[in-house]
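Worksheet: the structure to be examined is printed underneath.
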Amino acid sequence: MLLLLIFITVILCVLLAVNLYVKKVRPMQEKAKKIPGPPTLPILGNALEFGGSTKEFFDYIVKTSTQYGPVARVWVGPILAVILAEPISIEAVLGSNKLINKSILYKFGEPWLGQGMLTNGGSVWKRHRKIITPAFHVQIFDKFLPIFNENVKILLERLKKHEDGVQFNIQPYMHLVALDIISESAMGVKINAQQDSTSDYVKSVKSLGMAMFIRAFKPWLHLDAIFHLSSLGRLQRKCLAILHGTTQRVIKERKKVVLENECNNTSTAPGDEEIGKKEKSAFLDLMLQAVKDGATLTDKELQDEVDTIMLAGHDTTTCCLSFSIWCLAQHQDIQDKVMEELNQIFGDSDREPTIKDLQEMKYMELVFKETLRVYPSVPLYGRILTEDVAVGEYVLPAGTNVGFNPYILHRNPEYYPDPEKFDPERFLPENSKGRHPFAYIPFSAGPRICLGMKYAMAEMKAVLSAVLRKYKILPPETDHKLKLTIVLVLESLNGIPIRLQKRNQN
């Protein structure tokens, strides 16, 4: 009897696969056959070429765009993916007010992020964006400045042990300070990641991001039934219980406080520790206030948005801060220019920065922009087409998953002469004039451009300026070549080693 059931199940799966191929895959193959790309295998497409690690996948995507050009196609099983790496083609999709639905990659983030701003589309996305946008207005960033400054103090205290000039990996330090900052900014609670990097919450954030990404590029894990039985599926369930449990508890507590207008900030962290007595605001508080004022967001929608801010708000800043520090270590002349600007702002004072101070860090902002050109935090992201789109001589059929490749785009010598050279002055207004607006897309572009980019820039200025005012950043003792990979964001597998030298203190 069992063998008969298995046989029937296999037959049904085959029939479904044949039906899918006849109705959807074959017509797309016909439309996409002119688009250059690597040879494919039946059923699996190019999936076996992606390799068994995130590093191999990243190298494959870079190689595909390099070898087959700025419009290149790959097949992930029955799923057509076209990788774009030139401005005109990218503008045709990112610049559209209709093509706003995210690619299949984001589907695997839904167990964590639900229908938050990163994953949703259509009318839901438009409604949420309208409600959330005021929370990211620069005029309210002063509410977050105490959060920046307090967590930076902890960072500087942790860096003291490296004052001896021995090289160490800066990535974990930037990861934990960014996680501490975004948890207070998003939820209004401390998770104390810098003091306890082994907590279940901290480990779950990292593990869940990895599980999401790996699943997306293994077609056999796309089926929920198979994924839930896999080790990744078990890991995801464990992490979700921790992360969702925390978010749900915080929303319940903050909702009671904010909606009753009793803002006494007595929320506690996952470890049940008090935040402190000083009044602060969080993105959650601002969204709850919008609900109080008549906006429509359910508790589940609030949870989705808070979880989205937590993910998007720490990994991307971790990446940019880590690679910026690496670039300044490699280019002492540029670091000197940043310090000259900081000395003009602060003089001999050791005071904490104000919002006005952060706004005056113009050259540092150029450094971040150039870092994001060379090392884009999100080197691959995408949309799914709801209609056919003409891109030059090709037609991308409806249903295509379009991937945008800023890592290759930002190295186009037509827009960035001598592209491997680190030169922040590329982004001076006079040097940016005439550059195609879609030639630089670290924060995406068009109607779905990142809401948090100004917040992220303010946070990164607060962190990096504090580190630079105390330490000169030096390169590692020996030559070191970064081994880049992608796990949602760009990372270096072999770390980002630097050395610190304490600056003269009066």
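The values are calculated or read from the model by the stated rules, or taken from the named source; none is laboratory data. Since this is a predicted model, take the numbers as computed values, not measurements. So basically every Cβ, Gly included, is an ideal-geometry build from the backbone, and we count neighbours across all protein chains shown. Accessible surface is based on the protein model in full, side chains and every heavy atom, while ligands, DNA and RNA are left aside. Shrake-Rupley method; radii C 1.70, N 1.55, O 1.52, S 1.80 Å.
Scanning the stretch 53-88 for residues that are in a helix (DSSP H, G or I) and of a type in the set (S, T, N, Q), we see that the one that is surrounded by the fewest Cβ atoms within 10 Å (Cβ to Cβ) is Gln67.
Counting only residues that are touching a Phe, Trp or Tyr at 6+ places or on another chain (Cβ under 7 Å) and of a type in the set (D, E, K, R), the stretch 326-356 holds 2 of them.
For the stretch 422-451, taking the residues that are acidic (Asp, Glu) and out of contact with any Asp or Glu (no Cβ under 8 Å at 6 or more places or on another chain), the one that is surrounded by the fewest Cβ atoms within 10 Å (Cβ to Cβ) is identified as Glu430. Whenever a residue of the stretch 290-307 is closer than 12 Å to Val250 by Cα, its partners that are open to solvent by 60 Å² or more (accessible area, probe 1.4 Å), lying with C-beta atoms within less than 9 angstrom and at least six residues away or across chains, give the pairs Asp299/Gln248; Asp299/Lys252; Asp299/Lys255; Leu302/Lys255; Gln303/Gln248.
Any residue at all in the stretch 143-152 that is at pLDDT 90 or above and open to solvent by 40 Å² or more (accessible area, probe 1.4 Å)? Looking through the stretch 143-152, at least one residue is at pLDDT 90 or above and open to solvent by 40 Å² or more (accessible area, probe 1.4 Å).
Of the residues making up the stretch 41-52, those that are touching a Leu at 6+ places or on another chain (Cβ under 9 Å) and either open to solvent by less than 70 Å² (accessible area, probe 1.4 Å) or in a loop (DSSP other than H, G, I, E, B) (or both) are Gly45, Ala47. Scanning the stretch 153-169 for residues that are open to solvent by less than 30 Å² (accessible area, probe 1.4 Å) and not in a helix (DSSP H, G or I) gives Gly165, Phe168. Based on what the data block shows, is Ser103 more than 30 Å from Asp285 (Cα to Cα) and surrounded by fewer than 18 Cβ atoms within 10 Å (Cβ to Cβ)? So Ser103 fails the test.
On inspection, Ala216 qualifies as touching a residue at least 40 places away in the same chain (Cβ under 8 Å) and open to solvent by less than 20 Å² (accessible area, probe 1.4 Å).
Output the residues belonging to the stretch 361-388 that are more than 17 Å from Cys320 (Cα to Cα) and open to solvent by 10 Å² or more (accessible area, probe 1.4 Å).
Within the stretch 361-388, Ile384, Thr386, Glu387, Asp388 meet the criteria.
The listed residues are Lys483, Lys470, Lys454, Lys461, and the only one of them that is at negative phi, of a type outside the set (A, V, I, L, M), touching a residue at least 40 places away in the same chain (Cβ under 8 Å) and surrounded by 19 or more Cβ atoms within 10 Å (Cβ to Cβ) turns out to be Lys461.
Checked across the stretch 409-417, the condition of being in a helix (DSSP H, G or I), open to solvent by 10 Å² or more (accessible area, probe 1.4 Å) and under 28 Å from Lys31 (Cα atoms) holds for no residue. In the condition set (1) open to solvent by 60 Å² or more (accessible area, probe 1.4 Å); (2) touching a strand residue (DSSP E or B) at 6+ places or on another chain (Cβ under 9 Å); (3) charged (D, E, K, R), Glu110 is compliant with all but (2).
Checked against (1) modelled with pLDDT of 95 or more; (2) on the phi > 0 side of the Ramachandran plot; (3) not hydroxyl-bearing (Ser, Thr, Tyr), Leu488 meets all criteria but (1).
Please go through the stretch 278-329 and give me each residue that is β-branched (Val, Ile, Thr) and within 23 Å of Gln167 (Cα to Cα), ordered by number.
Thr317, Thr318, Ile325
Among the numbered conditions (1) open to solvent by less than 30 Å² (accessible area, probe 1.4 Å); (2) within 17 Å of Thr316 (Cα to Cα), tell me where Pro172 comes up short. For Pro172, the exception is condition (1).
Filtering the stretch 89-108 to residues that are within 14 Å of Ala216 (Cβ to Cβ) and in a helix (DSSP H, G or I) leaves Ile104, Leu105, Tyr106, Lys107, Phe108.
The single condition among (1) of a type outside the set (A, V, I, L, M); (2) within 15 Å of the chain's Cα centre (by Cα); (3) closer than 24 Å to Ala186 by Cβ; (4) not in a helix (DSSP H, G or I) that Lys454 does not meet is (4).
If I ask for residues that are open to solvent by 10 Å² or more (accessible area, probe 1.4 Å) and touching a strand residue (DSSP E or B) at 6+ places or on another chain (Cβ under 9 Å), which ones from the stretch 315-352 would you list? Residues satisfying the conditions are Asp315, Thr316, Thr318, Trp326, Gln332, Met339.
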